[in-house]
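Structure, as structure tokens:
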Amino acid sequence: MERERKQQEKKRWAIPWVGLLVLLLFGLWHLRDTYAGATGSGDLWLIKDYMLLLVTVLLLAGLLGWLFSKKKCPLSGLFVLCSLSLGTLYLFVLPPLSAPDEIRHYISAYQLSNQLMGKAAVDEEGFVYIRKEDDQIDNIDGIAENEGRRTLGQVLDEESYRIIHETGWGKRTKEGTMLSVQPPVKTTPLAYLPQALGLTLARLLDGNYLAAAYLGRFFNLLFFVGMVALAIWVLPFGKELAFGVGILPMTLHLAASFSYDGMIVALCFFFASYCLYLAFRKERVSWADIGILAATIAWVGPCKMVYAVVMGFALLIPLKKFGSKQRWLAMALVVLSVFVLAMLLVNSRVLASYASGADNYVSWAQEEGYSLQYLLYNPVKYVEMLYRTLLTQGEFYFASAFGGYLGNLDAVLNVPFVLILVFAGILIVMSFLKPEERQELTFWQKVWIWVLFLVSAVGVMTAMLISWTPLQANYIHGVQGRYFLPLLPFVLLTIKSRGLRLTKNHDRKLLYVLCLGNGYVLLRLFSIVSMRL
């Protein structure tokens, strides 16, 4: 018995040791690239920073390998460690304002920070009051004019690292206030509450613009980690799928930025998971449960209306758990009423413009765009655009959901497609039933989850068709794979079937491989940025 136990221990540690060795080899390989970039720019400190990153990744990989081998460690706790540590590394490797539209999200969080501090938030034209210190992040060349400004991280290259290295996290160097040149996003202020709290703390401590940017991003990451960990904890089955999607490179990159996409993913995970908990584990739905669902949908719904379909997960809860039809109807009305009220408070103007059928103008293309009224009168054209978009952009959606275009949709800052296939394969394998698992979702429940996902996907494409696509375009512009992440774990749940059952449970090993993949991606990204002179 003792001999068998030792053999099992050796097998259990085989993957961590192999993973560490592979990471070390790739790390040394990309050290060559970093060295070439550092010697080309003269910034030899890049080599030291890369070595620090390599050592950190290796130590983290070793720690996670040991923890994943301990079956007593709950997945929710492991997720906190994995996502927080890896997310923090993404926060530094892909520095402030490098995420899609992050400058707009940053200014929006700044507006809320002003309100939390009791200061004037915006002027009569809607531009945000900021410290003169903080204008540097959107004006790295320090030019006086508004035209020709460059934003830190918008094009992520070696210069971005150099500016951050030379500036550091010190005290503010400029006094006074000014108006931002960037307008805020018009959405619910709750979308920026974590980021605003981080910004506020940095301002209260009189930190410089980098301290403010990093703290704002870190607080957003903390919120994401906490909510997804709660989702994993309450999810009755398929916890490993929420874990896996939660640590994809694209998910962590968004969570460790000012973008509200991290909040959307986290809250959609939590809402759907809580509904499944009520449907499959709890004996009776209470008013406290309804309060949790109502608060969650009021938070996330107004941010992007298409994700309101997540409320459909509540229909998976059996009627008997409410006690009566009248009680079910009362509870459903509460959740729906709270959502509608939140929508009216935040998006009344947008809803009014859609309802009026007003002509649309796409500013980036300087062309006339689609309107809801146009689509209603031209349904064939609408279906044609959806079909053509799926044919021409399907590969892009798949790659960008997993991290094919990190940074500001930068094709160079990517996860190699081979690794994307590995990540996707891991998620699919984890979707199979394990020896100890039973089939929980019925056929029609699976169909309903797919209906919700497809409605959400079509909603995303329709929204971008109306708001971002010129009439002369051949496909819908602006749609990215990250928009499909909020419901992805639950679509994967539908793969579970009695006909696809594994003989052993390898979930923890597969999740560890995902963590190793992230370690490789971080090392590769740093070397790429170091070489972009």
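The values are calculated or read from the model by the stated rules, or taken from the named source; none is laboratory data. These numbers were taken from a predicted model, which means no experiment stands behind them. As a convention, Cβ positions derive from the backbone with ideal geometry for all residues, glycine included, and neighbour counts pool all protein chains shown. The accessibility values were calculated without ligands, DNA or RNA, using every heavy atom of the protein model including side chains. Shrake-Rupley method; radii C 1.70, N 1.55, O 1.52, S 1.80 Å.
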Practice item. Check off (1) open to solvent by 40 Å² or more (accessible area, probe 1.4 Å); (2) out of contact with any Asp or Glu (no Cβ under 9 Å at 6 or more places or on another chain) for Asn408 and give me the number that stays unchecked. Key: (2)
Review point. Quick check: is even one residue across the range 436-445 assigned to a helix (DSSP H, G or I) and under 25 Å from Val228 (Cβ atoms)?
Key: yes
Review point. Got a sec? Which of Phe237, Phe258, Phe313 is touching an Asp or Glu at 6+ places or on another chain (Cβ under 6 Å) and over 21 Å from Pro74 (Cα atoms)?
Key: Phe258
Check your understanding: When only residues in the range 153-182 that are open to solvent by less than 50 Å² (accessible area, probe 1.4 Å), in contact (Cβ under 8 Å) with a residue 60 or more places away in the chain and assigned to a loop (DSSP other than H, G, I, E, B) count, which is nearest to Leu221 (Cα to Cα)?
Key -> Gly153
Check your understanding: Restricting the search to the range 371-405, which residues are modelled with pLDDT under 90 and open to solvent by less than 40 Å² (accessible area, probe 1.4 Å)?
Key -> Ser371
Point to revise | Members of the range 300-317 that are in a helix (DSSP H, G or I), open to solvent by 30 Å² or more (accessible area, probe 1.4 Å) and at pLDDT below 95 | key: Met305, Val306
Exercise for review: Find all pairs meeting these conditions: Cβ atoms under 7 angstrom apart; at least six residues apart or on different chains; first residue within the range 265-286 and within 9 Å of Val234 (Cα to Cα) and modelled with pLDDT of 95 or more; second residue of a type in the set (Ser, Thr, Tyr) and not in a loop (DSSP other than H, G, I, E, B).
Suggested key: Phe270/Thr296
Practice item. Search the range 338-363 for residues that are under 17 Å from Thr296 (Cα atoms) and pair each with any residue that is at pLDDT 85 or above and assigned to a helix (DSSP H, G or I) when their beta-carbon atoms are under 6 Å apart and the residues are at least 6 apart or on different chains. Key: Val338/Ala294; Val338/Ala298; Phe339/Ile297; Ala342/Ala298
Revision key, fill the gap. Checked pairs for the range 434-451, first under 20 Å from Lys504 (Cβ atoms) and open to solvent by less than 80 Å² (accessible area, probe 1.4 Å), second in a loop (DSSP other than H, G, I, E, B) and among the polar types (S, T, N, Q), C-beta under 7 Å and 6 or more apart or across chains, list as Lys434/Asn505; Pro435/Thr503; Pro435/Asn505
Revision key, fill the gap. Per the filter on the range 496-512, residues crowded, with 18+ Cβ neighbours inside 10 Å and among the aliphatic types (A, V, I, L, M) are Leu510, Leu511
Review point. Hey, among Gly519, Gly499, which residue is free of Cβ contacts under 8 Å to residues at least 40 places away in the same chain, over 19 Å from Phe398 (Cα atoms) and small (Gly, Ala, Ser)?
Key: Gly499
Check your understanding: Consider His477 against the criteria (1) within 25 Å of the chain's Cα centre (by Cα); (2) over 26 Å from Phe243 (Cβ atoms); (3) of a type outside the set (Val, Ile, Thr); (4) assigned to a helix (DSSP H, G or I): it satisfies all of them except one. Which criterion is unmet?
Key -> (4)
Practice item. Take the range 60-99 and flag every residue that is outside any helix (DSSP H, G or I), in contact with an Asp or Glu (Cβ under 9 Å, 6 or more places away or on another chain) and surrounded by fewer than 21 Cβ atoms within 10 Å (Cβ to Cβ). Key: Ser69
Check your understanding: Picking from Ser456, Ser530, which residue would you name as being open to solvent by less than 20 Å² (accessible area, probe 1.4 Å), under 28 Å from Ser85 (Cβ atoms) and of a type in the set (Ser, Thr, Tyr)?
Key -> Ser530
Check your understanding: Hey, Leu493 hits all of (1) in contact with a strand residue (DSSP E or B) (Cβ under 8 Å, 6 or more places away or on another chain); (2) open to solvent by less than 40 Å² (accessible area, probe 1.4 Å) but one; which does it fall short on?
Key -> (1)
Point to revise | Subset of the range 197-242 (residues that are without any contact (Cβ under 8 Å) to a residue 60 or more places away in the chain, over 19 Å from Ala266 (Cβ atoms) and assigned to a loop (DSSP other than H, G, I, E, B)) | key: Leu205, Asp206
Study note, to complete from the structure: Contact list, first residue from the range 297-311 and over 15 Å from Leu344 (Cβ atoms), second anywhere and assigned to a loop (DSSP other than H, G, I, E, B) and of a type in the set (Phe, Trp, Tyr), beta-carbon distance below 9 Å, six or more apart or interchain, is Lys304/Tyr260
Exercise for review: Name every residue in the range 465-474 that is assigned to a helix (DSSP H, G or I) and either out of contact with any His (no Cβ under 7 Å at 6 or more places or on another chain) or surrounded by fewer than 19 Cβ atoms within 10 Å (Cβ to Cβ) (or both), in order of residue number.
Suggested key: Leu465, Ile466, Ser467
Study note, to complete from the structure: Sole miss for Leu413 among (1) touching a residue at least 40 places away in the same chain (Cβ under 8 Å); (2) open to solvent by 20 Å² or more (accessible area, probe 1.4 Å); (3) not in a helix (DSSP H, G or I) is condition (2)
Exercise for review: For the range 100-132, name all the residues that are charged (D, E, K, R), surrounded by fewer than 22 Cβ atoms within 10 Å (Cβ to Cβ) and part of a helix (DSSP H, G or I).
Suggested key: Arg104, Lys132
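Listed here are the residues, each with its yes/no results for (1) of a type in the set (A, V, I, L, M, F, W, C); (2) touching a residue at least 40 places away in the same chain (Cβ under 8 Å).
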| site | (1), (2) |
| --- | --- |
| Ala61 | yes, yes |
| Pro74 | no, yes |
| Leu81 | yes, no |
| Ser85 | no, no |
| Ile103 | yes, yes |
| Ser108 | no, yes |
| Asn114 | no, no |
| Ala120 | yes, no |
| Asn146 | no, no |
